[in-house]
Amino acid sequence: MRHIISILLENEPGALSRVVGLFSQRNYNIESLTVAPTEDHTLSRLTITTIGDDRKIEQITKHLNKLIDVVKLVDLTEGSHIERELMLVKVKATGAQRAEIKRTTDIFRGQIVDVTSTVYSIQLTGTSDKLDSFLDAIGSTSVLEVARTGVTGISRGEKVLSL
Amino acid sequence: MELLSGGEMLIRALHDEGVELLFGYPGGAALHIYDAIFNQDKVEHILVRHEQAATHAADGYARATGKPGVVLVTSGPGATNAVTGIATAFMDSIPMVVISGQVDSSLIGSDAFQETDMVGISRPIVKHSFMVQNAEDIPAIVKKAFYIATTGRPGPVVIDVPKDVTDPARKFEYRYPETVKMRSYSVPAKGHTGQIKKAVEILLAAKRPIIYAGGGVIQGNASDLLTEMSRLLGYPVTNTLMGLGAYPATDKQFVGMLGMHGTYEANMSMHFSDVVLGIGVRFDDRVTNAISKFCPGAKILHVDIDPASISKTVAADVPIVGSVTSVLEEMLELIKQSDTQVDRKSLDLWWQQIEGWRAKECLKVTPASNDGIKPQQVVQAVYRATKGDAYVSSDVGQHQMFAAQYYHFDKPRRWINSGGLGTMGFGFPAAMGVQLAFPDAVSVCITGEGSIQMCIQELATCLQYGLPVKIVCLNNQALGMVKQWQDMQYGGRYSHSTYAESLPDFVKLVEAYGHVGVRITKLSELDKKMEEAFALKDRLVFVDVSVDPSEHVYPMAIKGGSMKDMYLSKTERT
């Protein structure tokens, strides 16, 4: 099963490599990884999506918690949560395709953020599934380049991940 | 307020932390620090002959004393040579602080002379590491390093120190912090009371219980508590390789070591038990054999300070995260107060069954007919000569297993071996560390002619510091454990496990280093010569004993089986 683990990490040199190293060292898999400082500049927030059965996920969270630089973590998928991923995609857009791509982008509530005579650059936000669906809808022959941020997320309701 | 350079602060901080001994080897990037050592007399530095030995010696010191071992090496090769010793300490949860020199901050990343990314290289084998950025941070970093290394599940911590940070020309105000606070690190203390109650209920209701205790009991200084509780219950006790000495081996409730080369009675008791109380253990693959067949009828109660050790391999029915000392104290109290009595009738029947297994005498040694020496007999002779009261370190291989099986450890911290990583070359430097910690004690290294050659250069260190370590070499002229596996699984094809024709004359070798060598080839002279060797209290003595090269270590778990599946000899299996 897919899990989204959100981590508050000391914003120290080498801290990220300890997290990433743990995954490779213990043969855990990283589907995606996002990281950036939080409003408290001494902390980074890191979001990892990984796949494994309950036992594996339990081991992953235990080992992450053992890392000295990990201050706090939560498995977002344990409760209801909001997850988002941002994608920038460059597509071939010539002739009749231009209108079609524009329509599809609107349907997916994306934005065309750069235009040339032959290319659209589109920005799209949503769950990973939605981004996948958009790429399917556009068709692989039109897609020139894809840049995705990986998943970030937050719990619904009152629950917060903070110190 | 005193003004000190970074190098001086480092050494002063070690002193303020209570460090008496430092094992190391100098080199370019560490020279400012070495100069700071020269100018003081509070922290003693032991110059080894190879950085690997510095880490093993510090490790042996830590295992024997319970205090953290401290190592100082230079950058690049100094640091990488220390890696094996750091990994050894990591696998066995030994408290250690390793200070490595680093090239100037301005040169980091430029592939400078003797530069290596020590923080990166050591990352998977340390509990934590620090790269010093500013000299002013040194006292706080040292404080944190020792705190992390020694608390919770102990482990090695690396402090990488760029040379410019230790510059003697730049002085800073020095104040050693009295306390340490880290928002991201907390030490589990007491176990969950509800879980402990549940565990005690199950334990008291057991009909075929066994207490399975490991290195955590020794690290947590909980041997007395374990012994008291086990005696109160009257339950059988088995120790892991790392746990030998946690429960007195000569006690009648002790059924021996368990696992791959554990006793028949220990492994059978585990397999047929209905309750396993694991304390400070990690259900290692060398213990459990096939996980799917492990202790099929048993409820598993698991106490450990590391939550990640619990249900890692074997799922625990009652997991308890906490220090073994606090959990055992609570358990003991609950047992004393409990209205439930131990089911003596079932326990008697259980003991009858165990005595039946014990009667098999799986460790019985059949003497050779021609006055030749069996390796097991050497360990027995060492046990007699030292009256069972030595600190015994070992290397890795057959001799290690023979030492574990035949030297009966009645006290904790007496058995010093690389259990997790299985590091050949560990034993001799570790024995040096033990000897430095306890100058009047008997520190013996039981080794093989393979392992000893991996750190034999330390003979020079022992001469320099007058360390009367005793080295007993079970010389079977081959890599015995490799050869045993080749016998059992590879049709006796000895691929690169023999070297008889090129072995050195160990007696001459140690004499060249200024020590005493003794050769023993006949059983009839074994005890006498061994006693003579141990009688030379002020000298390092290397006892080279020719042993039967065809001997195997038994019992031996049958791969893929359950704990009851063992080879008992070359011809017999369960």
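Values quoted throughout were computed directly from the atomic coordinates according to the rules given, and no laboratory measurement underlies them. Computed from a prediction, not measured in an experiment: that's the story for all the values here. Don't worry about glycine lacking a Cβ; one is built from the backbone with ideal geometry, like all the others, and counts go over all protein chains shown.
I want to check the label-to-label distance for B:Lys252 and B:Ala169. Put each point 7 Å from Cα in the C-beta direction and report it in nm to one decimal.
The answer from the label model is 7.5 nm.
I'd like the FRET efficiency for B:Lys293 and B:Lys360, computed as 1/(1 + (r/R0)^6) with the beta carbon distance as r and R0 of 25 Å, rounded to 0.05.
Numbers: r = 21 Å, r/R0 = 0.85.
Computed FRET efficiency for B:Lys293 and B:Lys360 comes out at 0.70.
Taking beta carbons within 10 Å but only from partner chains, what does the mean come to for residues A:59-69?
Numbers: counts 4, 1, 2, 8, 4, 1, 4, 9, 4, 11, 4.
Other-chain Cβ atoms within 10 Å of each residue's Cβ, averaged: 5.
Separation between the A:Glu31 and B:Asp527 pseudo-spin-labels, each 7 Å from Cα along Cα→Cβ, expressed in nm?
7.0
Rank-order B:331-338, B:488-495 by packing density, defined as the average count of other C-beta atoms within 10 Å over each peptide's residues, highest first.
In descending order of packing, they fall as B:331-338, B:488-495.
Rounded, prolate or oblate for the range B:1-115? Axes are the square roots of the Cα gyration tensor eigenvalues, ordered a ≥ b ≥ c, and the cut-off for rounded is a/c under 1.5. Don't jump to the answer; show the numbers that get you there.
Working: a/c = 1.91, a/b = 1.10, b/c = 1.73.
Oblate, since a/c reaches 1.5 and b/c is not below a/b.
Please compute the net charge surrounding B:Ala54, taking Lys and Arg as +1 and Asp and Glu as -1 over other residues with Cβ under 14 Å from its Cβ. Let's see the in-between values first.
Values: positive: B:Arg49; negative: B:Glu44, B:Glu51, B:Asp59, B:Glu458.
That works out to -3.
Per residue of A:23-32, how many C-beta atoms from partner chains lie within 10 Å of its own C-beta, taken as a mean? Could the numbers behind the result be given before it?
Values: counts 0, 1, 3, 2, 0, 0, 0, 0, 0, 0.
Mean number of neighbouring Cβ atoms from other chains: 1.
Could you work out, residue by residue across B:123-129, how many beta carbons of other chains sit within 10 Å of that residue's beta carbon, and then give the average as an integer? Each step should come with its number before you reach the end.
Details: counts 6, 6, 1, 2, 3, 5, 3.
Mean partner-chain Cβ count within 10 Å for B:123-129: 4.
Looking at the calculated P(r) for the protein assembly as shown, what percent of the C-alpha pair distances fall above 35 Å? Write out the running numbers ahead of the final one.
Values: 144268 of 271216 pairs.
Every Cα pair in the protein assembly as shown considered, those over 35 Å come to 53 percent.
So how many Lys-Lys pairs in the range B:289-348 land under 25 Å Cα to Cα, not counting same-chain pairs under 8 apart? Numbers along the way, then the final one.
Working: B:Lys293/B:Lys312; B:Lys299/B:Lys312; B:Lys299/B:Lys336; B:Lys299/B:Lys345; B:Lys336/B:Lys345.
Step by step, the pairs that qualify in the range B:289-348 add up to 5.
Starting from 0.36 nm per residue, how many nanometres of slack lie between A:Glu12 and A:Asp40 once their C-alpha separation is accounted for? Show your work: numbers first, answer last.
Working: separation 28, 0.36 × 28 = 10.08 nm, distance 1.29 nm.
So the extension gain works out to 8.8 nm.
Among B:92-102, B:42-52, how do they line up from the highest to the lowest mean number of other beta-carbon atoms within 10 Å?
On the way: B:92-102: 27.9, B:42-52: 20.0.
In decreasing order of mean packing, B:92-102, B:42-52 become B:92-102, B:42-52.
Could you pull out every residue, at least 5 positions away or on a different chain, whose amide H is within less than 5 Å of the one on B:Cys295? Hs are placed 1.01 Å off N in the peptide plane, and Pro or chain starts have none.
B:Met563
Cα centroid distance between the range B:3-53 and the range B:144-209, in Å?
23
Say R0 is 22 Å: what FRET efficiency, to the nearest 0.05, do B:Asp285 and B:Trp485 get from their beta-carbon distance?
Working: r = 16 Å, r/R0 = 0.71.
Approximately 0.90, to the nearest 0.05.
First measure r as the distance between the Cβ atoms of B:Lys537 and B:Asn39, then evaluate 1/(1 + (r/R0)^6) with R0 = 41 Å and state the FRET efficiency to the nearest 0.05. Write down the numbers at each step before the final one.
On the way: r = 35 Å, r/R0 = 0.84.
Plugging the Cβ-Cβ distance into 1/(1 + (r/R0)^6) gives 0.75.
Taking chain A as the reference, fit the longest principal axis to its C-alpha atoms, fit the long axis of helix A:54-66 to the helix C-alpha atoms, and give the angle between the two in degrees, 0 to 90, nearest 10.
70
Give the peptides B:530-537, B:448-455 in descending order of average Cβ contacts within 10 Å, highest first.
Details: B:530-537: 16.4, B:448-455: 25.4.
Result, highest mean Cβ count within 10 Å first: B:448-455, B:530-537.
Can you give the helix-only mean residue ellipticity at 222 nm for the protein assembly as shown, where every DSSP H stretch with n ≥ 4 adds -39500 (n - 2.57) and the sum goes over all residues, rounded to the nearest 500 deg cm²/dmol?
Computed ellipticity for the protein assembly as shown at 222 nm equals -10000 deg cm²/dmol.
Once Rh is set to the Kirkwood radius over Cα pairs, what Stokes-Einstein translational diffusion coefficient, in µm²/s, holds for the range B:410-552 at a temperature of 4 °C and a viscosity of 1.567 mPa s? Present the calculation step by step, with values, prior to reporting the outcome.
Values: Rh = 16.0 Å.
This corresponds to a translational diffusion coefficient of 81 µm²/s.
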